[in-house]
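*Asks:* A single structure is presented below for examination.
Values quoted throughout were computed directly from the atomic coordinates according to the rules given, and no laboratory measurement underlies them. A quick note: this is a predicted structure, and the numbers were derived from the prediction, not measured. Note that each Cβ is placed from the backbone with ideal geometry, even for glycine, and that neighbours are counted across all protein chains shown.
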Amino acid sequence: MSEMANKKWLNRNVVAMGVTSLFSDTSHEMATSALPTFLTVLVGPTLAPQLLGIISGLSDGLASFMKTFSRWFSDKIGKRKPLTVLGYVLTGFFVGLIGFATNWIEVLFCRVLAWIGRGMREPPRDAMLADSVDKKFYGHAFGFNRALDTIGAVIGPLLAFFLITILDIRKIFFLSFIPGALAVVAIAFGVKEQKSRIKKKVKGLFFHLKTLPHNFKLFVFIMFIFGIGNFNRTLLLLRVQEVLTPANGMLIAGSIAVFLYAIRNVAQAIADYIVGSISDKIGKRILLAFVGFFLFGIVSLGFIYTTTNFYYFMILFILSGVSAASYTALEKAYAADLLPSHIRGTGYGVLNTIDGIGDLISSFVVGTIWTLVSPSLAFVYGAIISFIAALLLIIKKV
C-alpha cells in the first residue's frame with residue numbers, strides 16, 4: 001500500500017479524480033442533452049428517432065466493449081493513468097466536435113469516439129482511485145467521486161436548458177469543450193499514479209470464461225434479455241420534444257425535455273443511495289426485478305400517452321431515474337454475490353460485453369420501430385422485453 005493510501009482518504013488523488021468527474025460529466029451531459037434537438041435539426045423529425053437509436057446504441061455498445069478491454073489492458077501493462085488521460089481527451093474533444101457536424105454520419109463518428117473514450121477511462125480510473133486509499137476508505141472515496149459525478153450530471157443538462165433557446169444549438173457543443181478540457185487538466189496534472197503497483201502477468205482476456213458459475217451465466221442471459229429492450233435515455237428526450245413541439249415549437253420543447261432530463265439525473269442520484277441500503281434488507285434479486293426491470297417497462301408504457309402536461313412527464317422521468325439507479329447499481333452488486341472473488345474481473349468483463357451487445361440492439365430496434373411504424377409500438381417493445389426479463393429473474397431464482 002502506498003504512502004498516499006495510508007493517509008486520510010480525502011487526498012490529492014481523490015480530490016483530483018472527483019473534480020475530473022465533475023467537469024467531464026458536465027461536458028458530455030451538455031452534449032447528450034442537446035443531441036436529440038440537434039439531430040432533429042440536421043435530419044428532420046421523421047428520421048431522427050431511427051438515427052438517434054443507431055448513434056446512441058453504437059456509442060453505448062462500443063463503450064461497454066471498451067471497458068472490458070481497458071480493464072484487461074491496464075492490468076497487463078501495469079499502468080492506469082495513460083489510458084485514463086487518453087479516455088478523457090477523447091471524450092472531451094469529440095463531444096465538442098459534434099457541433100461542427102453537417103450530417104448524421106459525422107455526428108455518429110464523433111459520438112462513437114467520445115463514448116469509446118468514456119469506456120476506456122472508467123476501469124483504470126476506478127483502479128487508480130482504489131490504489132489511492134486504504135481498503136477501509138473505499139466507500140468514502142468512491143462515494144465522493146460519485147457525488148461530484150452526479151453534480152456534473154445535473155449541471156450539464158441545466159446549462160443546456162438555459163442555453164438552448166438563446167444560442168445556436170451548435171454553440172452548446174462548442175461550450176462543452178471548456179469543462180471537457182478542464183477535466184483533462186485535472187486528471188493529467190492533479191493525479192499521481194501510485195508507484196506501489198506491481199506489474200504482473202495477466203492471463204488472456206477471456207481466460208476464466210469456462211469457470212464462471214452456472215447461476216452467473218443464467219443471470220448474464222437475463223441481463224441480455226433486459227438489455228435488448230433497455231433503449232438509450234436520449235430517446236425519452238426526443239419523445240418529449242416530439243409531443244410538445246406542435247404546441248410550443250421545437251426549441252422550447254427541446255429545452256423542456258432537457259430540464260426533465262436534469263430532474264431525472266437528480267432522481268437517479270438520490271435513488272442510488274436508497275437502493276443500496278434497501279437491497280441489503282429485502283434482497284437484490286427482487287429489487288432488481290421489480291424496481292429495475294418492471295418499473296422500466298411501466299415507464300416505457302407511460303411514454304405511449306401523448307399529453308402536454310409537464311407534471312406527467314416529470315413523474316415519468318423521475319421513475320426512469322429510479323429504475324436506472326436500480327438496474328445499474330444492482331446489476332454489479334448482484335453479480336458480485338454470484339462470482340468468486342478470483343474470477344470477478346472476468347465476470348464483470350463478460351457482463352460489460354453482454355451489456356454492450358444489448359445496447360447495440362435495443363436503441364437501434366426501438367428507433368427503427370419508431371420511424372417505420374410508430375413510437376407507441378417502439379415503447380411497447382421495450383416494455384414487453386423488460387417484463388419478460390423481470391419474470392425470468394423472479395422465476396429462475398438465480
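*Asks:* Treating only the Cβ atoms of Lys and Arg (+1) and Asp and Glu (-1) as charged, compute the dipole magnitude of the stretch 8-192 about its Cα centre; round to the nearest 20 debye.
*Replies:* 680
*Asks:* Tell me the relative contact order for the stretch 212-398 as a rounded percent, counting alpha carbon contacts under 8 Å between residues six or more apart.
*Replies:* For the stretch 212-398, the relative contact order is 42 percent.
*Asks:* How are the C-alpha pair distances of the stretch 66-156 spread across 10 Å bins, as whole percents from the shortest bin up?
*Replies:* Per 10 Å bin, starting at zero, the Cα-Cα P(r) for the stretch 66-156 comes out as 17, 37, 33, 11, 2, 0 percent.
*Asks:* Here is a further query. With label points built 7 Å along Cα→Cβ from the Cα atoms of ALA333 and LEU377, find their separation and express it in nm.
*Replies:* Taking the simple label geometry, ALA333 and LEU377 are separated by 3.9 nm.
*Asks:* Considering Cα pairs under 8 angstrom that are at least six residues apart, work out the relative contact order of the chain and quote it in whole percent.
*Replies:* With pairs under 8 Å counted, the relative contact order is 28 percent.
*Asks:* Let me check against my output: what whole-number percent is the relative contact order of the stretch 8-192, with C-alpha pairs under 8 Å and at least 6 apart?
*Replies:* Rounded, it is 47 percent for the stretch 8-192.
*Asks:* Please give me, ordered by residue number, the chymotrypsin sites (Phe, Trp or Tyr not before Pro) of the stretch 272-331 that lie in loop per DSSP and have at most 14 other Cβ atoms within 10 Å. Display every interim value, and only then the final one.
*Replies:* Working: sites: TYR273, PHE290, PHE293, PHE294, PHE296, PHE303, TYR305, PHE310, TYR311, TYR312, PHE313, PHE317, TYR327; in loops: PHE303, TYR305.
The qualifying sites are TYR305.
*Asks:* Given R₀ = 45 Å, FRET efficiency for VAL185-LYS396 by Cβ-Cβ distance, to 0.05? Kindly include the intermediate steps, with their values, before the conclusion.
*Replies:* Numbers: r = 48 Å, r/R0 = 1.07.
Approximately 0.40, to the nearest 0.05.
*Asks:* Same structure again: Rank ILE278, ILE155, ILE252 by mean-square fluctuation in a GNM of the chain with C-alpha springs under 10 angstrom and give only the top-ranked residue.
*Replies:* So, out of ILE278, ILE155, ILE252, the one fluctuating most is ILE278.
*Asks:* If amide H atoms are built 1.01 Å from N in the plane of the peptide, which residues on other chains or at least 5 residues away come under 5 Å of the amide H of ASN232?
*Replies:* Long-range HN contacts for ASN232: SER363.
*Asks:* Please list, short to long, the whole-number percent of alpha-carbon pairs of the chain in consecutive 10 angstrom bins beginning at zero.
*Replies:* That works out to 5, 22, 34, 26, 10, 2, 0, in percent per bin.
*Asks:* Okay, next question. Would you mind checking which residues have amide H under 5 Å from LEU47's amide H? H placed 1.01 Å from N; only 5 or more apart, or other chain.
*Replies:* Distant-sequence amide H within range of LEU47: zero hits.
*Asks:* In addition: Using a cut-off of 14 Å between beta-carbons, work out the net charge of the residues near VAL240 (Lys and Arg +1, Asp and Glu -1, VAL240 not included).
*Replies:* Surrounding charge for VAL240 is +2.
*Asks:* Calculate I(q)/I(0) for the stretch 230-363 by the Debye formula, one identical point scatterer on each C-alpha and no solvent, and give its log10 at q = 0.09, 0.14, 0.15, 0.22 Å⁻¹ to two decimals.
*Replies:* Log-scaled intensity ratios, in q order: -0.32, -0.69, -0.78, -1.29.
*Asks:* Quote the charge dipole size of the chain about the Cα centre in Debye, to the nearest 20; the model charges only the Cβ of Lys and Arg (+1) and of Asp and Glu (-1).
*Replies:* That gives the chain a dipole magnitude of about 1620 debye.
*Asks:* Select from LYS136, LYS192, LYS79 the residue whose mean-square fluctuation is largest in a Gaussian network model of the chain (Cα-Cα springs shorter than 10 Å).
*Replies:* So, out of LYS136, LYS192, LYS79, the one fluctuating most is LYS136.
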